[in-house]
Amino acid sequence: MSRANLEDPFTGSLPVRHPAKGALIRPQYMVYAHYLSLKEKAVNSPAVTLFLPQEPLLRSACVSVFLERIKQGKIDLVYVAQDKSWQEAASRVRLILHC
């Protein structure tokens, strides 16, 4: 909540070093594309459950991509808080397909 723009992780006091060559992909586009990929994989699943952290950027992209499923009640978005004792590998966003 300390960022001026909650959906832009680049706002704030952290210095950002951009590459000299190549293209910069904004985090918003990358996260949105990730959820579009998950949506494509879950197209034949009657119900989907997503576990994700309390991050405004992730929530916004997820809701944008899955808005139709949310309205239909065919998706459960479960927001979790990361416990200090969790391993780094255990804190990933997971997709569960119900068949």
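Stretched out fully, how many nm does the piece from Val63 to Asn44 gain, at 0.36 nm a residue minus the Cα gap?
4.9 nm
So, R0 is 41 Å and r is the distance between the beta-carbons of Ile70 and Ala23; what FRET efficiency does that work out to, to 0.05? Show your work: numbers first, answer last.
Values: r = 32 Å, r/R0 = 0.78.
Between Ile70 and Ala23 the formula returns 0.80.
How large is ³J(HN,Hα) for each residue in region 68-75, as worked out from phi by the Karplus curve 6.51 cos²θ - 1.76 cosθ + 1.60 (θ = phi - 60°), to whole Hz, x for Gly and Pro?
5, 5, 4, 4, 7, x, 9, 8
Computed from the coordinates by the stated procedures, all read-outs in this text should not be read as laboratory data. Everything numeric here is computed off the predicted structure, so don't read it as measured data. Cβ: placed from backbone, ideal geometry, glycine included. Neighbour counts: every protein chain shown.
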